[in-house]
Amino acid sequence: MKNGIKNSKDTEDNLLIIKRNTDRQLSLTNQLLDFRKTEKEMFKLNFINTNLYELIESTFNLFLPYSAEKMISIHLHYPVNQYDLTVDREAITKILSNLLSNALKFAGSKIDLFLELETEKGNIIRIRVNSDGKLIPKELSESIFEPFYQIDFNKPGEKGSGLGLSLARSLAELHHGRLFLDTNVRQYNSFILELTRYQEESISRNIYESDGLNLSEHNEFEIFGSLENTFSNILLVEDEVEMGKFIAKEISSDYNVILTSNGDEALKALKKFNIALVVSDVIMPVINGYELCRQIQSNIEFSHIPVILLTATIHLNARIEGLDSGADGYIEKPFTTELLIAQILNLIKNRSLVRQNFTNSPLAHFKSVAMNKTDEEFLKKLNSFLMDNISETDLNVERIAEIMRISVSTLYRKLKALTDLNSVEYIRLARLKKAAELLSEGNYRINEISYLVGFSSPSYFATSFQKQFGISPSQFVRKLQ
């Protein structure tokens, strides 16, 4: 870039993203390594209107696995679940993460996180973190915020850098707020983050306006590619607009990409588009990646859709939480787009192979195409009804949808996603698989089985069996002997 070499627009855009992210990392590293010399004005905050409760909850939830591992009780207390405040989301997340991390390191058995909206000053909001365990002496209540200062509580493996609280206090002050130890509370270590209700810098702008992006004019869904081609549709959920566009452009040569900025938008997109796979960041406003994944996996309309989570958190418990939420893949930032594309391709290809095996193998069980409990329960209920009525030649889709308590269109989409068959084709396959099961048991003749499974004639049954499995019923029986 410095040499002024002429590159394509895509290359220029990618170089610019690399430069911005490298500059940001260098800035943060310099602040941490030479904290005393860092001037406040060197760390510019980006104020965005944010639901403070959701930001607190998403950060709090990341520490639940750690608290369970340490057998420490941790609770979030809040008067409301919607409270808008203009803050720098990343800075507040760093402050809360530091307070919760320290609390988990040194707590005895209990941690409480409070969102306090009513204060004597009126326009001040407080976030309080209480933890039991060995108490910080009152005379050290200010020393702990000095760079590199550490108290030795004699807890093996719990030593830090001594920079966390220093950085957290500076970030609080950049919000025109305060971070301090409440020495009036005697039974707990009680840290308070005070934030002012209004920020002078909160002029209705956000981090991306300087790049000429006006989010108020931004469409609900930005699409990379054409939904009219034969490519699979990938739903990308990334709240950092610049990074989201970069990833979308990188994978749009092989897939259509629908880009959204939070979990709530993602759920709307899932209802609107035929999505083959979801790629989602973990830390997001409104609905975080873990919760989005859980909602996808528990909803009968979407549970068949694989999910890849992207996160900067490298802790093993965070990885376990991602997989526990139902994620099919988990990629740590920073990552190469080649790795992401390979992961997407692998998941889609494996799902396709599973479907092919199910439809082409006479004795393959329906559980083989169920990727989670929701799908398995759906197919179990469907196949139970089909087996109870298998001899009826006039089984129709409307009746089945009514029994399943879903719409005909939802039944179609679900079966198409799981098996690549429409509803009528699936009913016929269920009849043929039951026939293969009866043939393998050897208790009935082929002609008898054709009627038992609801075919109108033995010849039609034999033709359908041959077409589906590439082998005639009689050849199938001989092969089993």
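FYI, it's all coordinate maths here, none of it is from the lab. The shown structure was predicted, so the numbers you read here are calculated from the model rather than taken from an experiment. Backbone-built Cβ (ideal geometry, glycine too); neighbour counts: all protein chains shown.
In terms of the Cα gyration tensor, with a ≥ b ≥ c the square roots of its eigenvalues, is the stretch 361-480 rounded because a/c is under 1.5, prolate because a/b exceeds b/c, or oblate?
Since a/c reaches 1.5 and a/b is larger than b/c, the shape of the stretch 361-480 is classed as prolate.
Computed FRET efficiency, Cβ-Cβ of ILE151 and ALA68, R0 30 Å: what is it to the nearest 0.05?
Calculated value: 0.70.
Can you list the lysines whose alpha carbon sits under 18 Å from that of LYS134, skipping same-chain ones fewer than 8 residues off?
LYS70, LYS105, LYS110, LYS155, LYS159
Over the alpha carbons of the stretch 218-349, what is the largest minus smallest coordinate on each principal axis, giving the biggest first in Å?
41, 32, 32
Among 304-311, 435-442, how do they line up by average Cβ neighbours within 10 Å per residue, starting with the highest?
Highest-to-lowest ranking by the protection proxy: 304-311, 435-442.
Rounded, prolate or oblate: which fits the stretch 72-141, taking a ≥ b ≥ c as square roots of the Cα gyration tensor eigenvalues, rounded meaning a/c under 1.5, else prolate when a/b beats b/c?
In terms of gyration-tensor shape, prolate.
For the stretch 350-428, just say rounded, prolate or oblate: build the C-alpha gyration tensor, square-root its eigenvalues into a ≥ b ≥ c, call rounded for a/c under 1.5, and beyond that prolate if a/b exceeds b/c, oblate if not.
prolate
Once phi is turned into ³J(HN,Hα) by the Karplus curve 6.51 cos²θ - 1.76 cosθ + 1.60 with θ = phi - 60°, what whole-Hz value does each residue of the stretch 260-273 show in order, with x for glycine and proline?
10, 10, 7, x, 5, 5, 4, 5, 5, 5, 4, 6, 8, 10
By a straight-distance test (C-alpha under 19 Å), which lysines pair with LYS433 as possible cross-link partners, with residues fewer than eight away in the same chain excluded?
LYS367, LYS380, LYS381, LYS416, LYS467, LYS479
Enumerate the calculated ³J(HN,Hα) couplings along the stretch 457-473 in order (Karplus 6.51 cos²θ - 1.76 cosθ + 1.60, θ = phi - 60°), each rounded to whole Hz, writing x wherever the residue is Gly or Pro.
Coupling constants for the stretch 457-473: 7, x, 5, 5, 4, 4, 5, 5, 5, 4, 5, 6, 10, x, 7, 7, x Hz.
Under 5 Å between amide H atoms, partner at least 5 residues away or on a different chain: which partners does GLU240 have, H built in plane at 1.01 Å?
Those qualifying (amide H under 5 Å, at least 5 residues apart or on another chain) number zero.
Once phi is turned into ³J(HN,Hα) by the Karplus curve 6.51 cos²θ - 1.76 cosθ + 1.60 with θ = phi - 60°, what whole-Hz value does each residue of the stretch 332-342 show in order, with x for glycine and proline?
Coupling constants for the stretch 332-342: 8, 7, x, 9, 8, 5, 4, 5, 4, 4, 5 Hz.
Under 11 Å from the Cβ of SER409, count the other residues' Cβ atoms, weight Lys and Arg +1, Asp and Glu -1, and hand me the total.
Once positives and negatives cancel, what remains is +2.
Give me the net charge of ASP388's neighbourhood, meaning all other residues with Cβ under 14 Å from the Cβ of ASP388; Lys, Arg count +1, Asp, Glu -1.
Combined, the nearby Lys, Arg, Asp and Glu give +4.
Work out how much length ARG294 to GLU116 would gain on full extension: take 0.36 nm times their residue separation and subtract the Cα-Cα distance, in nm to one decimal.
Contour length minus Cα-Cα distance gives 61.2 nm.
For each of GLU228, GLU146, count neighbouring Cβ atoms within 10 Å of the residue's Cβ, then give the residues from fewest to most.
Ordered by Cβ neighbours within 10 Å, fewest first: GLU228, GLU146.
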